[in-house]
1. Would you check which residues across segment A:169-183 are buried (at least 16 other Cβ atoms within 10 Å of the Cβ) and either under 21 Å from B:Ile147 (Cβ atoms) or within 13 Å of chain B (Cβ to nearest Cβ) (or both) and list them?
2. Pick out the one residue from A:Ala645, A:Ala675, A:Ala606, A:Ala670 that is at pLDDT 70 or above, over 30 Å from A:Ser592 (Cα atoms) and not acidic (Asp, Glu).
3. Where in segment A:95-168 are the helices (runs of 4 or more DSSP H), entirely inside, with at least 1 residues that are more than 9 Å from every other protein chain (Cβ to nearest Cβ) and under 27 Å from A:Lys53 (Cα atoms)?
4. Output the number of residues of segment B:53-107 satisfying the condition of being more than 10 Å from every other protein chain (Cβ to nearest Cβ), at pLDDT 75 or above and not in a loop (DSSP other than H, G, I, E, B).
5. So which residues in segment A:282-311 are within 14 Å of chain B (Cβ to nearest Cβ), out of contact with any Leu (no Cβ under 9 Å at 6 or more places or on another chain) and closer than 23 Å to B:Gly92 by Cα, if there are any at all?
6. Please return the ranges of helices (runs of 4 or more DSSP H) entirely within segment A:505-599 where 2 or more residues are basic (Lys, Arg) and either closer than 30 Å to A:Ala421 by Cβ or more than 35 Å from the chain's Cα centre (by Cα) (or both).
7. Considering only residues of segment A:416-438 that are away from every other protein chain (no Cβ under 14 Å) and modelled with pLDDT under 85, which is farthest from A:Leu347 (Cα to Cα)?
8. From the list A:Ile320, A:Ile328, which residue is within 20 Å of A:Thr363 (Cα to Cα), surrounded by 19 or more Cβ atoms within 10 Å (Cβ to Cβ), more than 11 Å from chain B (Cβ to nearest Cβ) and under 34 Å from the mean Cα position of the chain (by Cα)?
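The values are calculated or read from the model by the stated rules, or taken from the named source; none is laboratory data. Owing to the predicted nature of the structure, the values given are computational and were not obtained by experimental measurement. Cβ coordinates were reconstructed from backbone atoms using ideal geometry, including for glycine residues, and neighbour counts include every protein chain displayed.
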Amino acid sequence: MFERTLQDLIRGLRAHKASSKAAEDAFLAEAMVEMREELKGKDMALKAEGVLKMCYLMMLYPIPPPPGFAFHVVEVMSSPRYHLKQLGYLAAPMAFSGETEEVVLTVNGIKKDLMSPHLAMPPLPLTALPYLLSMSPSLANTLHPDLLHLLTHSSPRIRKRAVLCLLPCWESYPEGLREGFSRLRERLQDEDQGVVGATVGVVMELARRQGGKNYLPLAPELFGILTGSSNNWMLIKVVKLFAILTPLEPRLVRKLLPPITNLISSTSAISLLYECVRTCIVGGMLDPDRAEGEVLARVCVEKLGGYLRDEGGDQNLRYIALLAMVKIIPTHPQMVAEYQEEVLQSLDDPDVSIRMRALELVTSMVDQYNMRSIVDQLLAHLAPPTKGSSLPSAMASLAAAAGGGSPTPTTTAQSLSLTPAYRLLLAQRLIGIIAHDTYSNVPDFEWVVSVLIDVAYISQVDVGAEIKDILLDVIGRVRSVREYAVGVLEDKVIGDEEFRERGREGTGEDGLMEAAVWICGEYPSDLSSPLSAISSILSPTLHLSSPSLISLSLQSAAKIFGYHTAEASTSWSVDRHTETKNLVASVKSGVSPFISHSDIEVQERAAELLQLLNFVEADISTHVPPIKTVNGDDTVPGLEGGFEAESSGPPYPKSLFLFQPLFTSHELNAVAYRAQEVVQIPEGLDLDREIIPGGGFGEIDVEEEVDESEVEKEKLDLGEGGGAGMEELRKVLREQEERERNGKGKSGRKKGKGKKIEGEVMSVEEKEERAKRKAAKKARAKDDPYYLYDEKADVDDVDDIPIVRLDDVDLANTEEPQTKTKSSRKKADLPPSPQIDRGELPEGASTVLSSRPPNTDRVLSGLAAVDLNDASCTHSASRFEEYQLDDEKDGEQELRVGDLPTPVGEIQVVRVKRKKKTTGKKKIVEES
Amino acid sequence: MIQAVLIFNTHGKPRLSKFYTQSPPLMQQSLIAQIFSLISDRPAGVCNFLDAPDLVFPSSAGKGKEVRGDDDDIRVIYRHYATLYFVFVVDGAESELGILDLIQVFVESLDRAFENVCELDLIFHFDEVHHVLSEIIQGGLVLETNINEISACVQASARNRKASAASSNPLLPSMLTAPGAGRSGSRGGSADGPRRWLAAMGV
């Protein structure tokens, strides 16, 4: 068979590429088949060649490696031949993914190579190891000792490779850091500069990942390197490392200042100089409290400004100068402000990278005084390169003209308009500048409104949501701007059919349109002409817009209509009458198409509005002109309640006031930041307490108890208050308590029986009392929408009936002799579980309690029956709970059997027992 | 650290791609395509830092290990040589200008390894480029910046490869020794070969 080398493969690919795509694909497929054969074959050299070719193809094409590729790579890695092994290690990062078994296979081979006496061998695994280690914690764990061993290898080439491997190793095996840290530290003083450089790099990465704290102790060594080394790369690294360390240890600053200022003044390498400046800035060395800090800041800013000014010079320097200036702004804004002109010029740079940096810098430079000019400049960037008549806003054309005056107008504008992402960023930054810190820098809000409108008009990117938010926010907060805003929006936006059309493409315009519609609806008193506003809001092309805009428009139209009719009533006349009639008709015709709109929200609003309009229309049409002052409302059937009250009505149809109160009864004001925190929590309101213990579901015993005891306390405190939820709580509570008492009153063994008896023994008074309570409770529950027991409570003796039935079924299934035979007794037996508690839960719990203790002798079988029972009818939430309680009781009682004597007095007993019970619980927990 | 080293030509064809962070191959290719389309749009004479709003790093979404969230300062730094772009994707631990110098070092090392390197060298010696790179960067961290040291290492490695390949060349030794081994006593066999040949000629 002819064997293709990598070179042949590449040649073939290039030859076939020239011909056609199909030929290339065919060639590729053929090559893949060959490669698969080679990989499977026995010949190691061929296999290695196959691996190499596969890697090459994987770089070029999105082809997955053939199955078992990783195994072949492992084989090649284990070849004794240097050149084959190297190919194997080269391919390893591409072949392995995640902690697969192939990695396990490699461990021994890698170990052997690492420890090879041959100097050329260890570097091979070390090149591939970073990737493998970061992928496989187990490998990192296994190889960690070997790497530490290599740190003292005689060859510096191997030492530095081993140092670099420590970073990924410790990343996936963090325990190793503790053991190896001192060894790494030793490498900082290695006699070979390459090893030191590698070590500094590793420390740098570690400090970045962990924060610098752990690496402060290395400061002396690093300081030594800073003052002693002449390798720029290493110096840069050390200087950058100090930028991480100094914020943690301010004393370092004083120590570092001399060498760093020395470097700044002496070095010829701009990269190093720049990093020194940057470290001064980032590392907090420019503290204005210190005299030398101010001087240093001046030096730094001047250096950066020099880079920035250097027109014919290096673009890279301008870029990094902008980059660094952003960092210096927080401490020394006034120094940077001196370069405002250069920064603004950079905004016009043909290079997007520089523009991006300049944009960021400008954003942080904005203050009250320069805001207008900066925003205008940004607007100029957004403006389309050809400012045609389509620009409706004076501000925008002004801005565009200003942009035209800048040095590189055409290139800038054109390249800008090419990238929508940049435009989006620009628009967002613009909005961000305005909104920054709740408009603290804004000099004039009318200007803000017009800028926002301009942005929407010219941005052509999707910033609609942002514009809408900020516009509504501004209008809501600033009363004085409302009139202006409504006027402008009414004029420029709502009536602009072309703009409406553009908005349908999902760009920024739609947001502005929504905001405009909402604002005009919300503040109709500032409209110059409500009638024309309504007609432009309900524009004939409205049905093409987005559903949210349509529903907003319907709502706004209704608001304006309401306002207008209310206004009209003040000067009601025959003219008004016909005018209003026409208005109603036109609004109706505008709204009616949306009755069958596909969006449900639109549909609903349209239907509601239309009904109201129908009513108004009927009212107006039957209204007799004002001279006669006859009540015109009486013909409207069905709505007489509100309108027929007085006999002598006003001179206008009352339905004119139908709409307005719907929208204006509450004014919405902006809520201050942190306003919620100021609100005092009312006395007795505990926000952390659960309304229904356990969230309505069964819970673990321990939790249940906590709830219980809390609630109990509260019962004592709060008595009857708290509403339905509380009622529920209290009920459950008492029920438990009662049960508790029952159980405790008896000797534990006999509790079940006690219940039975209790049911039977129920006295006449008790029953009466029960009925009374039930009635009272029903009355209470009637108003409670959350009350679920209503229906059952209607039936007189429901307490017993359903349960008995269920019980029977259940018992039949469970074949428990005792319960089966006594099913008639069961009836009496069961009520104590959920129902009884509910019915009997008293305000005066004590009376019930006092009646209980006597029924003390119970049988355990009864308890068992209750359990079953509850389990079988867990459909209602209350039973769920009960089930839980029974369970709990079960445990308690067993516990109590030993250590609890019979109670002495009723009420005290409850408390005592509760305590004991909980301690008992704890014991159980401890034991288990 | 350095996240990736890429070389592609002015048509966007990758000549070398080495990712030091784990990311799926498809993401790597989409990143290359993205960077290429952005870089190729940039006019001459602009700065060497690629900073574009529509540049997203698929790798940063994919792994979450390196990305710490606080600074998204992943930078693309590139240099343009003849028909090739050399692109380094780095994070904030690297000095921007330092990386520019490093790219220069890489190119010079390639130049020494190939003697007047051109794109064809990189195409046909895909593996060799990787070997050179592995002498400069290991696992995303800079191993060596001294060109002399780098090329010494590259040469040593190349010598080792040559020696190893020569000793194990499947053609030369096996073709020659295998028939000899077939005939028992290759030494004697080869020695009397000519004699037999002469005998066959009737001498």
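1. A:Cys169, A:Trp170, A:Glu171, A:Ser172
2. A:Ala675
3. Once the helices (runs of 4 or more DSSP H) in segment A:95-168 are filtered for at least 1 residues that are more than 9 Å from every other protein chain (Cβ to nearest Cβ) and under 27 Å from A:Lys53 (Cα atoms), what remains is A:101-114, A:123-135.
4. 15
5. The answer is A:Val282, and nothing else.
6. Because the criterion is at least 2 residues that are basic (Lys, Arg) and either closer than 30 Å to A:Ala421 by Cβ or more than 35 Å from the chain's Cα centre (by Cα) (or both), the helices (runs of 4 or more DSSP H) in segment A:505-599 that meet it are A:574-591.
7. Only one residue fits best here, namely A:Thr438.
8. Result of the check over A:Ile320, A:Ile328: A:Ile328.
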